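Input: a single structure, listed below in structure tokens.
The values are calculated or read from the model by the stated rules, or taken from the named source; none is laboratory data. All of these numbers come straight from a predicted model, not from anything done at the bench. All Cβ positions, glycine included, derive from the backbone under ideal geometry; neighbour counts span all protein chains shown.
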Amino acid sequence: MIIRSAFLFRLKPKKSQLAQLAQFSGACRYIYNRGLEERKKAYEENKQSLTY
């Protein structure tokens, strides 16, 4: 039998923390998009998928 459970936490950041969260999420989005771009380019050139 498989039991799945999850926890949900509501964040209540202060204004300074909101700015830091926005900066962090922007950095994560940038890194993800750069990796995706590299994977697409490698596939177009070599018809082979990159692995990480």
Could you check how many residues of segment 35-52 are part of a helix (DSSP H, G or I) and exposed (fewer than 10 other Cβ atoms within 10 Å of the Cβ)? 3
How many residues are modelled with pLDDT under 95 and surrounded by 10 or more Cβ atoms within 10 Å (Cβ to Cβ) when one looks only at segment 1-18? 0
Residue pairs qualifying under the 6 Å Cβ cut-off, at least six apart or on distinct chains, with the first in segment 35-48 being on the phi < 0 side of the Ramachandran plot and the second being at pLDDT below 90, are Arg39/Leu50; Ala42/Leu50; Tyr43/Ser49
